[in-house]
Amino acid sequence: MNENIARLWKKRPIIISGPCSAETEVQVLETAERLASTGKIDMLRAGIWKPRTKPGLFEGVGTKALEWLDQAKRNTGLPSTVEVATSKHVQDALKYDVDVLWIGARTTVNPFSVQEVADALKGISIPVLIKNPINPDLELWSGAIERLQKAGLENIGLIHRGFSSYGNIEYRNAPMWHLPIEMKRRYPGMPLICDPSHICGNRILLQSVMQKSIDLDFGGLMIESHIDPD
């Protein structure tokens, strides 16, 4: 881990932002430049591969979007982070010098997938963030941490993105704040940031959820952004 990333890893609050999905080169570059111009963003994110519930939905542009994110990184000087779910994702992300990886909620729920990512990262020093599993199961979340630790990874952090709950109408994914708080208790030295975009599913609740996470001593935010939010 280089000196700049090591510094950011300890920064509080750390702010990560960028498009949910990398759609076009123009969209990625313009979004990154607008974010950088605020002077508030520490790291760029972009969805390269998007796991969807049903086939036929947009599942991301794929590897070629890493070129766009790499260009955005060079244009702005901001480090980059992407979601990975397979060994091939890991290889491609590292090829394009992605600085931080994250494991998404749909991957955390599958120990086979987490193990594949962990195996691909053996001997590689790169920070990895782990989103909570879709369902409220802290053992799955803890298990993902343990798999990465056994692969030799030392810089591991957590992302709270809310949990699926049947009948929930207020949030896209219910925050269930007591669960990330329990993870803070179990792993007191591990960074924990909040993903309010996935919790809320709308702009109305974003500010209150972000403020709640900071009040609970979360270490930062991962926020989705777009040059044309509507």
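The values are calculated or read from the model by the stated rules, or taken from the named source; none is laboratory data. Keep in mind the model is a prediction, meaning the values are calculated, not measured. Here Cβ is always computed from backbone atoms with ideal geometry, including for glycine, and neighbour counts include all displayed protein chains. Remember, those area values only see protein heavy atoms, side chains included, never the ligands or the DNA or RNA. Shrake-Rupley method; radii C 1.70, N 1.55, O 1.52, S 1.80 Å.
Within the stretch 94-125, the residues that satisfy the criterion of being in contact (Cβ under 8 Å) with a residue 40 or more places away in the chain and either touching a Ser or Thr at 6+ places or on another chain (Cβ under 9 Å) or open to solvent by 10 Å² or more (accessible area, probe 1.4 Å) (or both) are D99, V100, W102, I103, A105, R106, T107, S125. Restricting S80, S37 to residues that are open to solvent by 90 Å² or more (accessible area, probe 1.4 Å) and among the small types (G, A, S) narrows the list to S37.
Restricting attention to the stretch 1-26, the residues being without any contact (Cβ under 8 Å) to a residue 60 or more places away in the chain, open to solvent by less than 70 Å² (accessible area, probe 1.4 Å) and touching a helix residue (DSSP H, G or I) at 6+ places or on another chain (Cβ under 6 Å) number 1.
Tell me yes or no: at least one residue of the stretch 182-190 is under 19 Å from the mean Cα position of the chain (by Cα) and modelled with pLDDT under 95. Yes: one or more hits.
Residues that are surrounded by 15 or more Cβ atoms within 10 Å (Cβ to Cβ) and touching a residue at least 24 places away in the same chain (Cβ under 8 Å) within the stretch 202-213 comprise L205, V209, K212, S213, listed in sequence order. The one condition from (1) touching a residue at least 60 places away in the same chain (Cβ under 8 Å); (2) of a type in the set (S, T, N, Q); (3) surrounded by fewer than 20 Cβ atoms within 10 Å (Cβ to Cβ) that S197 does not meet is (3). When each of P175, P196, P188, P229 is tested for being over 30 Å from A36 (Cβ atoms) and not hydrophobic (A, V, I, L, M, F, W, C), the lone residue that passes is P188.
Take E182 and decide whether it is touching a residue at least 12 places away in the same chain (Cβ under 8 Å), closer than 20 Å to G219 by Cβ, out of contact with any Gly (no Cβ under 7 Å at 6 or more places or on another chain) and of a type in the set (D, E).
Values: touching a residue at least 12 places away in the same chain (Cβ under 8 Å): yes; closer than 20 Å to G219 by Cβ: yes; out of contact with any Gly (no Cβ under 7 Å at 6 or more places or on another chain): yes; of a type in the set (D, E): yes.
Taking the combined requirement at face value, the residue satisfies it.
Find all pairs meeting these conditions: Cβ atoms under 9 angstrom apart; at least six residues apart or on different chains; first residue within the stretch 38-50 and more than 12 Å from L101 (Cα to Cα); second residue basic (K, R). Close Cβ pairs (under 9 Å, with a partner that is basic (K, R)) amount to D42/K11.
Working only within the stretch 126-146, note down all residues that are buried (at least 21 other Cβ atoms within 10 Å of the Cβ) and without any contact (Cβ under 8 Å) to a residue 40 or more places away in the chain.
Quick first cut of the stretch 126-146, residues buried (at least 21 other Cβ atoms within 10 Å of the Cβ) only: 127-133, 141, 144-145.
The answer is V128, I130, P133.
Restricting L29, L35 to those that are closer than 18 Å to G60 by Cα, of a type outside the set (K, R) and assigned to a helix (DSSP H, G or I) reduces the list to L29.
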